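Structure record follows, encoded as structure tokens.
The values are calculated or read from the model by the stated rules, or taken from the named source; none is laboratory data. Just so you know, these numbers come straight off a predicted model, no measurement behind them. Positions of Cβ are generated from backbone atoms using ideal geometry, with glycine treated the same way; all protein chains shown enter the neighbour counts.
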Amino acid sequence: MKKTTVKELMVPLEEYPTVPDDASVYEAVIALEKAQEAFDQTRYRHRAILVRDKSKRIVGKVSQWDLIKSLEPKYEGFGDMRSTSLSGLSPLLIKSMMESSRLWQGDLDIACSRVAGKKVKNIMYCPTEGEKVEEDATLGEALHTLIVGHHQSLLVTRGNRIVGILRLTDMFNLVCERIKSCRTREE
């Protein structure tokens, strides 16, 4: 039996929204919107924008988290919060942290207006090697990487070039389809 590879499920780079690192956040949002309009409507919508350097190599990603976090400038002083988990912290402590740091005190429209002109390179996230998977890897290998790293997506590589993105939503959809298929065969 042939094993399914990452290449068969990934979204090719050409179908994913990308912007140069000196693009504004506004330009990135427009690129995301255009990519969503052109994307296959039977699949989940894109939720991130890939960032490329002057050599057109992918060097970063602006996720939903990155964009929303950029609206509150005080988060910059907190450092990288990706590895920080709030699990186990009481809601009272989390609220206290927000109040003592005076987070989210301003108007949302003003924050959005301020962020629209920022460069994406100032809010993007640079994925690590642990967030990449070879296009010829099995879906089992990719699932393991997604689960262990708690990632929303993985950059798909061919050698040292990024050629696509493997999204957790697409993996979830495939797993659900296979579960239904297995159940149907049993009946």
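The set of residues in the range 123-143 being within 28 Å of residue 26 (Cβ to Cβ) and in contact (Cβ under 8 Å) with a residue 40 or more places away in the chain consists of 123, 124, 125, 126, 127. Is there a residue in the range 113-122 that is in contact with a helix residue (DSSP H, G or I) (Cβ under 6 Å, 6 or more places away or on another chain), buried (at least 16 other Cβ atoms within 10 Å of the Cβ), under 21 Å from residue 45 (Cα atoms) and modelled with pLDDT of 90 or more? Yes, the range 113-122 contains at least one residue that is in contact with a helix residue (DSSP H, G or I) (Cβ under 6 Å, 6 or more places away or on another chain), buried (at least 16 other Cβ atoms within 10 Å of the Cβ), under 21 Å from residue 45 (Cα atoms) and modelled with pLDDT of 90 or more. Every condition in (1) of a type in the set (S, T, N, Q); (2) closer than 26 Å to residue 31 by Cα; (3) modelled with pLDDT of 90 or more is met by residue 70 except one, and the failing one is (3).
Here is a yes/no grid of residues against (1) part of a strand (DSSP E or B); (2) modelled with pLDDT under 95; (3) among the aliphatic types (A, V, I, L, M):
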position	(1), (2), (3)
102	no, yes, no
105	no, yes, no
127	no, yes, no
133	yes, no, yes
136	no, no, no
148	no, yes, yes
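Applying the condition of being over 17 Å from residue 64 (Cβ atoms) and in contact (Cβ under 8 Å) with a residue 40 or more places away in the chain to the range 144-165 and asking which residue is surrounded by the most Cβ atoms within 10 Å (Cβ to Cβ) yields 156.
So that you can scan it fast, the table gives a plain yes or no per residue for (1) surrounded by 10 or more Cβ atoms within 10 Å (Cβ to Cβ); (2) at pLDDT 70 or above; (3) assigned to a helix (DSSP H, G or I); (4) of a type in the set (S, T, N, Q):
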position: 85; (1), (2), (3), (4): no, no, no, yes
position: 89; (1), (2), (3), (4): yes, no, no, no
position: 93; (1), (2), (3), (4): yes, yes, yes, no
position: 110; (1), (2), (3), (4): yes, yes, yes, no
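Against the list (1) of a type outside the set (Asp, Glu); (2) within 30 Å of residue 139 (Cα to Cα); (3) at pLDDT 90 or above, the condition residue 39 fails is (3).
Could you check, for the range 168-177, whether at least one of its residues is within 14 Å of the chain's Cα centre (by Cα) and part of a loop (DSSP other than H, G, I, E, B)? Taking every residue of the range 168-177 in turn, none turns out to be within 14 Å of the chain's Cα centre (by Cα) and part of a loop (DSSP other than H, G, I, E, B). Of note, residue 64 satisfies the criterion of being closer than 23 Å to residue 155 by Cα, modelled with pLDDT under 90 and of a type in the set (S, T, N, Q). Against the condition at pLDDT 85 or above, assigned to a loop (DSSP other than H, G, I, E, B) and over 15 Å from the mean Cα position of the chain (by Cα), how does residue 22 come out, does it pass? Criteria met by residue 22. Take the conditions at pLDDT below 95 and assigned to a strand (DSSP E or B) and apply them to residue 30. Does it pass? The answer is no for residue 30.
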